[in-house]
1. So which chymotrypsin sites (Phe, Trp or Tyr not before Pro) in region 292-346 pass both tests, a DSSP loop state and at most 14 other Cβ atoms within 10 Å of the Cβ?
2. Filter K245/K302; K98/K197; K121/K197; K98/K239; K197/K245 down to the pairs with a C-alpha to C-alpha distance above 29 Å, please.
3. Could you tell me how many cubic angstrom of Cα convex hull volume region 179-343 has per residue?
4. Describe numerically, in nm with one decimal, the distance between label points set 7 Å from Cα along Cα→Cβ at T131 and at C221.
5. What aspartates and glutamates does K149 reach when the alpha-carbon gap must be under 15 Å and sequence neighbours fewer than 8 apart in one chain are set aside?
6. If each residue of separation counts as 0.36 nm, what is the full-extension length gain between S145 and R199 once their alpha-carbon separation is subtracted?
7. Using Cα pairs closer than 8 Å and at least 6 residues apart in sequence, work out the relative contact order for region 55-151, in percent.
8. What are the trypsin sites (Lys or Arg not before Pro) within region 51-143 that DSSP puts in a loop, where the Cβ has at most 13 other Cβ atoms within 10 Å?
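Bear in mind that the values in this text are calculations on the coordinates, not laboratory data. Note that the coordinates shown come from a computational prediction; the quantities given were computed from them, not determined experimentally. So basically every Cβ, Gly included, is an ideal-geometry build from the backbone, and we count neighbours across all protein chains shown.
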Amino acid sequence: MVKKSVIGFVIILVIMIAIAYVETGFNVKHISLTTVTTTQNYTPTANSTITTTIIYNCTGYQLNSTAFNKTSTAKCILTANYTGIWVAAGNSSSVHIKVVGANNQTYVNQTLTYDCVTFFKNLTVPPQIYTLSMTTGLGGGACGSALLKLNMTTIPPPKTIYTMVYNGNFSSGEFTGWNVTGAGFGTAPLNITHANKSRCYVGKYPWSNYNATFFASTYHCGLQNSPGNLTSSPFIANKPFLNFKIISPQNANLYVEILYNGSPSIIAHYNTYNLSFSSGFHNTTESAFRNATIPLTTVIGKVVQIRVVAKVTGQQNYISIGQFYMSSSPNQDPGVLSGPYIYGST
């Protein structure tokens, strides 16, 4: 009797899903469930296996992994047309996530390096069953388990204080977590691969010496650049140095600030066009990123923000920047800093 009841339940469930599919495609808003389990029912032989598929509710679902270099997958059903995605690479240092719908469309396919739980992005997507996939990195991080979480929060918490520079290498391809004012930095970071293929760079040489995919820039392939500011989410200065990559000519109106309580605490100007430290780069100065560092010792343990300031226009007067991270040691090319650090009130 139990076996017949289980078979009957499976048949009814299949019929319901088939009717929903025929009438509404992948629209499953009217289906209310927490967990659906479908099991292949038969008497197994010695060499046979029983396959089980669990379909979770996407709302609040979390895919976890403590292993390195491992892919974890799961299926969930979304009954709304939006969801928020939170990600952590944990101890694995990086994580590649994919979100694929039952309609075979890939909605997310991204490698991220957020050590701790961080809001990644929100999605407006059709209600349907989704396959979630998470591949962990090779180690080197320091924040516990890797995870991929979906919930109904589509706006990142406005007062979140991070323990690292949130979206420091713009790996989402968006300015998520950064406040953009003015037109200078545009609506999204530049993709270095696409920019080089389309010859979107100053001079005859492509962008170089950059290890990530996206960077912020006030240069956008045109002859005229616009002013603008780019301000990070707040984070705790828990290491003595802020390292990053930058291209900037010596200019009083191009600089990087560390904000404390909303006011500049440290101001630094850079001149990557300085040829004295590396004559071998003399032909690529306009598009070659340099290593730069700002010491955080005066604000250590405090909640701060990064602000990149561009108050100028003109083809040569632009700033490109990215790959922000805190470190126990500096990583600055000789001659890049164009003047002493200016310290304000802390």
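1. Values: sites: Y318, F324, Y325, Y341, Y343; in loops: Y318, Y341.
In loop regions of region 292-346 (DSSP not H, G, I, E or B), the sparsely surrounded chymotrypsin sites (Phe, Trp or Tyr not before Pro) are Y341.
2. Numbers: K245/K302 23 Å; K98/K197 26 Å; K121/K197 27 Å; K98/K239 32 Å; K197/K245 21 Å.
With Cα atoms farther than 29 Å apart: K98/K239.
3. Output value, Cα hull per residue: 105 Å³.
4. With each label placed 7 Å out from Cα toward Cβ, I get 3.4 nm.
5. Correct list for K149: D115.
6. Values: separation 54, 0.36 × 54 = 19.44 nm, distance 4.09 nm.
This chain segment gains 15.4 nm when fully extended.
7. Numbers: 291 pairs, mean separation 43.0, N = 97.
Once divided by the residue count of region 55-151, the mean separation gives 44 percent.
8. Details: sites: K70, K75, K98, K121; in loops: K70.
Hits after loop and neighbour filter: K70.
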